[in-house]
Amino acid sequence: MYKDDSRFIVFKDVVKTYGEGPEAVRALKGISFEIGFGEFCVILGQSGAGKTTLLNMLGGMDTVTSGEIFLNGNEITKLDRGQLVRYRRYDVGFVFQFYNLIPNLTALENIEMASMLCGREKEVMDPARALALVGLKGRENSFPAELSGGEQQRVAIARAMAKQPLIMLCDEPTGALDDKTGREALKLLYETGKANGTTTLVITHNQSIAAMADRVIRVKDGLVISNEINEHRISADEITY
């Protein structure tokens, strides 16, 4: 791992500007922060604060205007197009608000397809085992339309987890779920991350979720306004929405 695991993820003066001239939008305004290896980090902010832009930068889905991003000592911002494809394929797991499952594939096939993209270059988790770990043993042959919203999100978590990524990036993962199911999904993300040594980032506008995080980063108007270790974290079961 990185020579100092407290600096597993590093952002240095990251700026992201969309457009040019007077119409330009400065989504990130020179943000800097660090996240430790294996942490469960909640990035908190209202809509338009820059949370999703930040996540896209780290996930290699967008490029910075200026600044540097490091993961495990490697500078993401220097990767070329082909290297970024490999980075997203092998090192990053994505969990989205609306699951993004392929409707004509079963739960198991959705996970198998993601695992197959890794080819033989990386050891991946057995898809059936991944489903079992998220509590869906016996639902391997169910299609997304036959699963509840919470079950679909569990499949999405299993799909991301199966390739055993270095980081898990979650964009409002409970936004489409009821409170009880949302707590279950968050608990699953936390526990699987800890079990697999995966650093997990969850972006949300829901301040209640911050109470269960190891670290809370608050973002406002494209700036990081605080980055704090949560000394009194509670379990996902205790979250009050």
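The values are calculated or read from the model by the stated rules, or taken from the named source; none is laboratory data. The shown structure was predicted, so the numbers you read here are calculated from the model rather than taken from an experiment. Heads up, the Cβs are rebuilt from the backbone with ideal geometry, glycines too, and the neighbour counts pull from every protein chain shown. Side chains included, ligands, DNA and RNA excluded: accessible areas come from the protein's heavy atoms. Shrake-Rupley method; radii C 1.70, N 1.55, O 1.52, S 1.80 Å.
Here are a few things to note about the model shown:
- D (Stokes-Einstein, µm²/s), Kirkwood Cα radius, the chain, 0.890 mPa s at 25 °C: 134
- Comparing mean-square fluctuations of GLN152, GLN164, GLN46 from a GNM of the chain with C-alpha springs under 10 Å, the top value falls on GLN46.
- Estimated D of segment 72-172 in µm² per second, where Rh is the Kirkwood radius over Cα pairs and Stokes-Einstein applies at 10 °C, 1.306 mPa s: 114
- Cα-Cα P(r), segment 1-132, percent of pairs per 5 Å interval: 2, 8, 15, 19, 18, 16, 11, 7, 2, 1, 0
- Per-residue ellipticity at 222 nm from helix content only, as computed over the chain with -39500 (n - 2.57) for each DSSP H run of at least four residues, stands at -8500 deg cm²/dmol.
- Among THR204, THR174, THR65, the largest mean-square fluctuation in a Gaussian network model of the chain, built with springs joining Cα atoms closer than 10 Å, belongs to THR65.
- If both residues of a DSSP beta bridge must be in segment 136-233, then about 55% of such bridges are antiparallel.
- Here segment 1-124 exposes an accessible surface that is 49 percent carbon and sulfur, computed with a 1.4 Å probe and the other protein chains kept in place.
- Considering only GLY59, ILE209, LEU131, the residue lying farthest towards the positive end of the dipole of the chain is GLY59, judged by Cα position with unit charges set on Cβ.
- When you count the other C-beta atoms within 10 angstrom of each residue and take the mean per peptide, 81-88, 66-73 line up highest first as 66-73, 81-88.
- Projected onto planes of every orientation and averaged, the convex hull of the alpha-carbon atoms in segment 85-144 covers 4.4 nm².
- Potential lengthening between HIS232 and ASN206 on full extension [0.36 nm per residue; Cα-Cα distance subtracted]: 7.6 nm
- Mean separation of Cα contacts under 8 Å (6+ apart) over length of the chain, as relative contact order %: 26
- Computed from label points 7 Å out along Cα-Cβ, the spacing between GLU23 and MET125 is 4.5 nm.
- Short-range pairs are left out: with C-alpha atoms under 8 Å and at least six residues apart, the relative contact order of segment 122-241 is 21 percent.
- Placing dummy labels 7 Å off each Cα toward the beta-carbon, the span from ARG81 to MET61 is 2.0 nm.
- Rolling a 1.4 Å probe across the protein heavy atoms gives the chain an accessible surface of 48 Å² per residue.
- Placing unit charges on the Cβ atoms only, positive for Lys and Arg and negative for Asp and Glu, gives the chain a dipole magnitude near 280 debye about its Cα centre.
- Listed residues GLU231, GLU75, GLU191, most fluctuating in the chain (Gaussian network, C-alpha, under 10 Å): GLU231
- Label-point separation, ASP221 to LYS180 (7 Å along Cα→Cβ), nm: 4.2
- 26 Å Cα-Cα threshold exceeded, pairs from LYS16/LYS194; LYS137/LYS187; LYS12/LYS187: LYS16/LYS194; LYS12/LYS187
- A simple count of charges around ALA236, restricted to other residues whose Cβ falls under 15 Å of its Cβ and scoring Lys, Arg +1 and Asp, Glu -1, yields -1.
- Relative contact order of segment 51-177, defined on C-alpha pairs under 8 angstrom at six or more residues apart (%): 33
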